[in-house]
Structures are given as C-alpha cells and as structure tokens.
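**Student:** If you scroll down you'll find the structure; I have some questions about it.
Just so it is clear, none of the values below were taken in a lab; they were calculated from the coordinates. Fair warning: this is a prediction, and the values are worked out from it, not measured in the lab. Glycine gets a Cβ as well: all are built from the backbone with ideal geometry, and neighbour counts include every protein chain shown.
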Amino acid sequence: MGDNNSLYLEGKQVVAPPTMLQMWTFRDVHGKYAPGSTDQDTYEVLTRFNEFGFSGSVAVSYDQTYHNYLAEGDLVHSYSTISEISDLKSTRLGEGCFVTELAEYYDANDVLFGEACITYFKYRIPEKKPGKVSKIEPPKRISPVENHDSKHFWQGLRDGKLLIQQCQQCGTLRHPPQPMCEACQSLRWSTIESTGKGSIYSYTVMHYPEIPPFDYPNAIVLVDLDEGVRLVSQLRGSEPENIAIGQRVQAWIEPVQENLSLPIFEVIKA
Ligand code: ZN
C-alpha cells in the first residue's frame with residue numbers, strides 16, 4: 001500500500017495498515033465473496049428499493065472501526081446486516097429513505113477485527129420539469145499544450161504543413177519539438193516541411209473505453225517519416241487486422257476542430 005509508517009513495520013510482526021475494510025472482502029470476478037462470508041446478496045436491499053421506484057442512490061457516510069490489526073496470511077470474511085431503514089424523508093435530492101448497513105469483518109479465528117457502518121440514501125429521482133432544452137456541445141479533443149518550443153508545430157499544422165525542427169548548426173532533424181539539438185546542443189533551429197510519407201514503425205488499436213470524440217476502433221501509429229524522425233498520430237481507412245508494421249503511409253493535414261489541425265495517416269501502396 002506504500003504506507004511505510006514504522007508502526008506497521010517494526011513490531012514483532014508486519015501488520016496491515018487500516019484501510020477501507022471493503023477492500024479485503026471484495027467480491028471476486030464471479031461475484032462471490034471471500035470463503036466463509038455470507039452467501040446472501042448484501043446489495044439486495046438496494047435492488048428492492050429500485051423496484052419501488054427509489055432508483056436514486058447516494059452514499060451518505062462510511063464509519064469504520066478497527067479493533068485489531070491484520071497480519072500477513074490472515075484470512076478474512078465478512079457479514080452484512082441492514083441495521084436500519086429510516087422513515088420516508090424529504091430532501092433536496094428527492095423523497096427517500098436512509099439505509100444503514102452494518103458490515104462486520106472477521107479473521108480466520110472468527111474474531112471481529114473491524115466493522116463499518118455504511119449509510120446510503122435511496123430516493124425517487126424527481127421528474128424533470130419541461131423547460132428550455134440546452135444544446136449540448138459535442139465533446140472536443142483536448143487541446144495540445146502550445147508553448148514557446150512547440151507552437152511552430154501546431155501553427156504549421158493549422159497552416160496545412162507538417163513541420164520538422166532542424167538544427168541550424170549541424171542540420172540534425174528532431175521531433176517532438178524541443179529547444180536544444182541533442183547532437184550538438186545548439187539552440188538555433190529552423191524547420192523543414194515533411195512530405196508526410198513514411199512507414200509504420202509500430203501501432204496500437206484502442207477499442208475500449210470509447211471516449212468521445214474519437215472514432216473506434218482507434219488506430220494509433222508510430223510512423224518513421226522518410227525525413228528520419230518519428231511521429232505518433234492516427235491511422236484511418238484500415239481495418240485493425242490489416243494494419244502491419246512496415247506498411248507505407250501518407251499523412252494529410254485535417255482541421256479536426258477550431259484551432260486544431262492534425263496529421264492523419266492512411267496506408268498507401270509501397
Ligand atoms: Zn545540432
């Protein structure tokens with residue numbers, strides 16, 4: 001956990017720092033609790049509330065008490081009890097009930113070492129009154145950072161050019177933009193315009209999670225430009241299974257949104 005407090009490390013035995021009790025008894029990928037734990041669905045009460053129209057849910061409090069430390073190798077199991085359901089209350093969120101769950105955590109000898117009192121508010125989500133429908137702007141790409149060292153690159157794209165920095169002292173090309181030549185440490189530089197031609201050096205295809213505004217599957221390529229530098233960008237027009245390292249690609253500059261143009265690659269015949 002990265003908690004190096006000597007309290008936990010320097011006794012007779014290394015002990016687990018108190019943490020969210022839940023973490024020790026989370027359900028596994030099959031939805032099962034730790035062996036020895038309750039086999040009932042401890043969330044059933046929430047489902048029941050949903051069935052009665054109280055579909056809103058908000059966590060109100062989570063009070064934890066630790067009676068003993070856990071040591072390495074301890075096996076943990078837990079039980080949950082609904083200790084209280086309040087009368088119907090009116091709140092700013094809506095009308096609903098406070099549900100309090102008592103979760104008890106036991107070690108392998110059935111000694112209670114921790115407990116948590118968890119309160120949720122289950123409420124009826126008020127129906128929205130018809131009113132002005134506000135237009136939702138489609139999500140945009142996050143703007144790149146443009147600073148003294150990189151502005152030329154982004155401005156170049158806005159002007160329809162893919163620019164590569166070139167050292168004015170030794171002629172070495174470099175990308176991504178940086179203030180100093182790695183070959184000769186010169187701070188003097190200019191740019192050349194790339195043809196946008198190159199070969200796929202490596203690639204990855206994003207399938208999930210689908211984050212707007214990108215299209216999915218989203219193929220990202222690392223391209224060896226013919227001029228001799230590498231550039232990361234998007235590849236379009238290829239099915240993921242047809243993308244291959246070494247394929248010849250060509251970039252075109254596309255204005256993707258206001259103030260942002262990007263080089264987009266496409267596979268071409270070698
Ligand atoms: Zn140089």
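**Student:** For the residue pair LYS89 and GLN185, what label-to-label distance in nm results when each label sits 7 Å from Cα along the Cα-to-beta-carbon direction?
**Tutor:** Taking the simple label geometry, LYS89 and GLN185 are separated by 6.8 nm.
**Student:** Straight-line reach from LYS197: which aspartates and glutamates have a Cα under 14 Å away, not including same-chain ones fewer than 8 places off?
**Tutor:** Of all the aspartates and glutamates, those that pass the test against LYS197 - Cα under 14 Å, at least 8 places apart if same chain - are ASP224, ASP226, GLU227, GLU266.
**Student:** Now for a separate question. Give me the distance in nm between label points sitting 7 Å out from Cα along the Cα-to-Cβ direction at ASN218 and GLN64, one decimal.
**Tutor:** Distance between label points: 3.4 nm.
**Student:** What does the charge count near ASN68 come to, summing +1 for each Lys or Arg and -1 for each Asp or Glu among other residues with Cβ under 11 Å from its Cβ?
**Tutor:** It works out to a net charge of -2.
**Student:** Another one. Run the lone-cysteine check on the chain: no other Cys C-beta under 4.7 Å from the residue's C-beta.
**Tutor:** CYS97, CYS117, each lacking another Cys Cβ under 4.7 Å.
**Student:** Can you grab the distance from the C-alpha centre of the stretch 196-270 to the C-alpha centre of the stretch 1-73, Å, no decimals?
**Tutor:** First find each Cα centre; the distance between them is then 44 Å.
**Student:** Let me ask you something else. Could you list the GluC sites (Glu not before Pro) in the stretch 47-121 that lie in coil according to DSSP, counting only those with at most 10 other Cβ atoms within 10 Å of their Cβ?
**Tutor:** GLU72
**Student:** Shifting gears a bit: For the stretch 163-182, list residues with backbone N below 16 Å from a point placed 7 Å from the Cα of ASN147 toward its Cβ?
**Tutor:** Answer for the stretch 163-182: 176-181.
**Student:** Write down the Kirkwood hydrodynamic radius of the stretch 1-102, to one decimal in angstroms, obtained as one divided by the mean of 1/r over all alpha carbon pairs.
**Tutor:** 16.6
**Student:** Zone of GLU258 (label point 7 Å along Cα→Cβ, backbone N under 15 Å): which residues in the stretch 135-178?
**Tutor:** Hits in the stretch 135-178 for GLU258 at 15 Å: 136-143.
**Student:** Separate question: So which GluC sites (Glu not before Pro) in the stretch 214-270 pass both tests, a DSSP loop state and at most 11 other Cβ atoms within 10 Å of the Cβ?
**Tutor:** The qualifying sites are GLU258.
**Student:** With +1 on each Lys and Arg Cβ and -1 on each Asp and Glu Cβ, and nothing else charged, work out how big the dipole of the stretch 6-123 is about its Cα centre, in Debye to the nearest 20.
**Tutor:** 360
**Student:** Grab the beta carbon distance between ARG48 and ILE211, set R0 = 35 Å, and tell me the FRET efficiency rounded to 0.05.
**Tutor:** 0.50
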